[in-house]
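Reviewing the structure listed below.
The values are calculated or read from the model by the stated rules, or taken from the named source; none is laboratory data. For clarity, every value in this text was computed on a predicted model and none was experimentally measured. Note that each Cβ is placed from the backbone with ideal geometry, even for glycine, and that neighbours are counted across all protein chains shown. Keep in mind that these areas ignore ligands, DNA and RNA; they rest on the heavy atoms of the full protein, side chains included. Shrake-Rupley method; radii C 1.70, N 1.55, O 1.52, S 1.80 Å.
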Amino acid sequence: MSDTDAIRRFLEMLAVEGGAAKNTVLAYGTDLRGASAFLGGDLSHADEAAIQRLATEWMPLANSSVARKASVLRRFFAFLQDEGDRPDDPSDALPRPATRRALPRTLGHEDIARLFAALEERREARHADPLTLRLIALVELLYGSGLRATELVSLPRQALRSDQPFLILRGKGGRERLVPISDRARAAVAEWRVHVPADQPFLFPSGHSHLSRVRLFQLVRELAAEAGIPPQRISPHVLRHAFATHLLEGGADLRALQTMLGHADIATTEIYTHVDSSRLVELVNARHPLMDK
């Protein structure tokens, strides 16, 4: 069994059976081929001594990179063992570096209020021109529903209906999820959609396709500058984080939030509990009566 064949079959399994996203499959393939090259094309038969040599090679890397590479190899060796290609699993020799998940950047309620105030000022100054209506619809969906940038820009023209307060989206790994849509967002989309030709397949068309993620990023940062918010603090993904953080602050259930965000693992959603905890600690330090004494 060659490494080339083993890696190919593993990546096919990820894509077909595991439903992994294309970028995930590409990243796994890069890590596996790099490890194979270091071991002279003998990764599939590597013993614990060979794995320890790999770990030594990874020492200059950040803990997060080592953890990712080790995770990929653990899945790879487990696959080979399940397939009967090797009787053992050398994964115990892989390093387990301590990693600390970085808290996501987010925006406070005051920042969000300033963004929407800037949108309203733009609407009044430009007499609700189509590009302003498009931007309002985009921001309402980003902050009001927590859509990923790719999901948002590629929405079909008829994705939202006036009588249906939710969307059914196919997200990462082909997983479907139900996304609630606020009355405000539906109203904003309805106002924008009258400017989209009926024969357009996308809600936010551009050229021969749809609005790009890069252009969405630019539009959001331009709006931030108008609102007096440092543009480097904001992006479409930051608005998604704000959606999640503010819902949790308002008492949302973590499992419901996981469903709305489309996270496969609850551990990914749990990071928002840390964001909320940070806010509560700041609140106690600033407002608790004993803190003044």
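Of all positions in the stretch 160-182, none carries a residue that is at pLDDT 90 or above, in the same structural domain as Leu115 (by the TED database), in a helix (DSSP H, G or I) and open to solvent by 20 Å² or more (accessible area, probe 1.4 Å). Counting the residues of the stretch 144-159 that are within 25 Å of His109 (Cα to Cα), open to solvent by 20 Å² or more (accessible area, probe 1.4 Å) and not in a helix (DSSP H, G or I) gives 1.
I want to confirm something. Restricting to the stretch 5-45 and keeping residues that are assigned to a loop (DSSP other than H, G, I, E, B) and touching a residue at least 40 places away in the same chain (Cβ under 8 Å), which single residue is most open to solvent (accessible area, probe 1.4 Å)? Top of the filtered list is Gly18. Within the stretch 97-118, the residues that satisfy the criterion of being open to solvent by 20 Å² or more (accessible area, probe 1.4 Å), modelled with pLDDT of 90 or more and among the aliphatic types (A, V, I, L, M) are Ala113, Ala117. Considering the stretch 225-254, and only residues there that are touching a Lys or Arg at 6+ places or on another chain (Cβ under 7 Å) and of a type in the set (Gly, Ala, Ser), the residue that is surrounded by the fewest Cβ atoms within 10 Å (Cβ to Cβ) turns out to be Gly228. Only residues that are out of contact with any Asp or Glu (no Cβ under 6 Å at 6 or more places or on another chain) and open to solvent by less than 40 Å² (accessible area, probe 1.4 Å) were counted across the stretch 46-77, and they come to 12.
When Glu121, Glu83 are checked against the criterion of being surrounded by fewer than 18 Cβ atoms within 10 Å (Cβ to Cβ), modelled with pLDDT of 90 or more and charged (D, E, K, R), Glu121 stands alone in meeting it.
Answer with yes or no whether Val281 is modelled with pLDDT under 85 and part of a helix (DSSP H, G or I). Judged against the criteria, Val281 is a match.
Select from the stretch 200-253 the residues that are among the hydroxyl-bearing types (Ser, Thr, Tyr) and in a loop (DSSP other than H, G, I, E, B) and write down the one among them that is modelled with the highest pLDDT. It comes out as Ser212.
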